[in-house]
Each structure stands twice: as C-alpha cells, then as structure tokens.
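The values are calculated or read from the model by the stated rules, or taken from the named source; none is laboratory data. None of the values given here were measured: they were computed from a predicted structure. Cβ placement follows ideal geometry from the backbone for every residue including glycine, while neighbour counts extend to all protein chains displayed.
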C-alpha cells in the first residue's frame, strides 16, 4: 500500500502555507505574466523543483514564449515574454501524467479582468492560483521522494499567461507534447477555499478512467462532476489536444480577481486533504489504466443571454442543491440591499423557476434598470420571499 512507503510529513500544511505566502506576497505584485516579478517566481519555482529532487524534462526548467500582453485595454497590446516551468519525475515508464497549475495572476493596476474597486490594487491571487501551485509542488515532492516506482512518469508544470487566454499551456503543449507520451493531465486551479467539503471536478467526461480518481475524492468530499472538457482554465488546452484532462476547483467566492484574494483566507487543511487524496490515487494508479480519450459535449454551451441588470452575487459552482446557491453577496449591490445572504438558494424570481445558473441568467435577462422583482429563496430549509430593486 502507498501508506507503508510514504508517511505524511507533519510539515505538509506548513509547506503549502510557505509557498502561498511567498507567491501572494505584496513583493510579487500580482505575478502578472511577463513582469519582472513573474520572472522572479519562475526562478523560485525552478529552485523549488530542484530542491525537492524533481529534475527538468530536458536541460532547463524554463521555457520562454512570446505573447501579446493586452495590458489595461483590449486595444493596447504589446509583445511580452512569459515563462513556463517544467519538472520531470522519471519512473522509466512509457506514459506520463501532467500535474499542472498556472502561477500568473493579474498584477497591479486596472487589468481588464480585475474586479477590484480601488485604484492600482495588488491582485495577490492567493487562491487564484498560488493555491494550485503550492499543491502541485507538494504532490511533486511526495511523488519524487516516496521511494516508489509508480506506473506512470509525472510532469509538474507551472504555466504563465493563463489569465489572458491560456497562452502558457498552449505554448507548453507546442514545445513539450512531442517529447513524452502524455496519458492525462490534472489541473489545479483555485483549490484554496474549501467550504462545506465542496469540490467541483471539470472534464471528467474526457476519459472513462477518471472515475478512478473521482471515486477517491467522493469518499471525502461533496463532489460535483462536470463532464465537459472545455472550461476557463489550462485543462482545456490539453483537452483540445485530445488529451484527457480534469480541473479541480473548490468554488467561486467574492474575492475572485480582486485585491482581497489574500493568503489569510486560504483553507490549508482543505488543501492538504485534497492533495493527500490525489497523492493516494497517483501513488497506486494501475499500469493498465488506459486513459482513453473521449470527446465531450459542452455542458455550459447554452448561449448566455445579454443582461441589463445584475443582482450582485457570486453563484456557487459546487452546490448540488436544485436552485442557485449564493456563495457571496457583494456589499452595496441590489442583493445586499434586498437582504439576500450567503448560502441562500434562489429558487424562483417572480414565480419563474430557477433550477440552475442558466435559468437564473435567462430570467434575469428579462429585467431592466429600475425594475422590481420578488425573489423566492430557501434559507435554512425555510422558504422566504424578498423584494429586489434593480438599479
């Protein structure tokens, strides 16, 4: 058994915390792709791989690529240089599993993807995605130092320029996909805000063999499965290259793409448990697991309607509740003024049923600024109706 060959070090949670603290510190100024701070992080991660006995795939951990930095507006684009970092755990097997995470974030100032309301913020990006980077490092450390020869080789990859279109992972595949036979990819992106044991796994439909991993996760977490291989993170680049890929995610929150995504809000116990379960799966993964690729239907393909109003909530993507569960209510917005709360479940708006995010968007598209609506919610298993005013 894997546990007899490797004992969980008491410092695993501390290891995760140290990485997140460094990556999301104010000194790193948000790790914007192409910045001097992002280069510092690339050198830091290369050294971490070396210190933890993970060698480069070829002669260097670093792979540089050019990209257009969209800067603060879509019209203002400049050429920049990003760097991917790659480590290799060679078990002398014929196939390799990639464990990946993007290390870039939004930097400082008025990035077009920023949701911050303050001038020139540092987007710390503790959850997005220092959390995934730290977990990938810990997984690599475990797999490199456990004394076992698993059934697959492993690549630990850190991508840049994810925030502006998955550019780093696309460049990585062009450079590395011919150098080793990639069986599958596991993407860790925003795994630091575990609450209510909620975990979402995207891309499970890309191979029937992902059940091997998800069965281990469902034993501990409340797992929501999304079969689609297409999504807004680096697993999509691999899926589009016909490589089975999943994305692990612990949920949306009010600090997403804001300066308030800070290290103090990270749930390290949840991160550590998730990392340990993944390690337990990978350390004993059977050699005959084929990871046959399956094309998927995009479960989120319903056309997004145009909205003239918003409520000011962050919906939950990990809830199994019928209705739209609220992960966060934005202060001062319409939902806040109507006294909607985090964990409320919206089940109807003006008697129009809301079963999921798509129903919610379609119903919301019917309203204009100045309109009023009755919102029916479930709060602690009791039905309540609130009045919301769209400004």
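A few notes on this one:
- No other residue among 381, 389 is surrounded by fewer than 17 Cβ atoms within 10 Å (Cβ to Cβ) and in contact with a strand residue (DSSP E or B) (Cβ under 6 Å, 6 or more places away or on another chain) apart from 389.
- Criterion applied to 236, 259 was being in the same structural domain as residue 131 (by TED's automatic domain parsing) and over 17 Å from the mean Cα position of the chain (by Cα), and the one residue passing it is 259.
- When 237, 242 are checked against the criterion of being in a helix (DSSP H, G or I), within 23 Å of residue 212 (Cα to Cα) and modelled with pLDDT of 95 or more, a single residue qualifies: 237.
- Restricting region 238-251 to residues that are surrounded by fewer than 18 Cβ atoms within 10 Å (Cβ to Cβ) and out of contact with any helix residue (DSSP H, G or I) (no Cβ under 6 Å at 6 or more places or on another chain) leaves a set whose member that is nearest to residue 91 (Cα to Cα) is 242.
- Against the test of being in the same structural domain as residue 49 (by TED's automatic domain parsing) and either crowded, with 24+ Cβ neighbours inside 10 Å or modelled with pLDDT of 95 or more (or both), the options 156, 118 yield a single qualifying residue, 156.
- Some residue of region 328-347 being surrounded by 15 or more Cβ atoms within 10 Å (Cβ to Cβ), at pLDDT below 85 and either farther than 22 Å from residue 230 by Cα or not assigned by TED's automatic domain parsing to the domain that holds residue 145 (or both): yes
- Residues that are part of a loop (DSSP other than H, G, I, E, B), in contact (Cβ under 8 Å) with a residue 12 or more places away in the chain, within 25 Å of the chain's Cα centre (by Cα) and closer than 20 Å to residue 257 by Cβ, drawn from region 328-359: 330, 342
- Set 184, 264: member being at pLDDT 95 or above, outside any strand (DSSP E or B) and either in the same structural domain as residue 91 (by TED's automatic domain parsing) or at positive phi (or both): 264
For (1) in contact with a strand residue (DSSP E or B) (Cβ under 8 Å, 6 or more places away or on another chain); (2) at pLDDT 80 or above, each residue gets a yes or a no:
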residue	(1), (2)
268	no, yes
278	yes, yes
283	no, yes
292	no, yes
313	yes, yes
317	yes, no
324	yes, yes
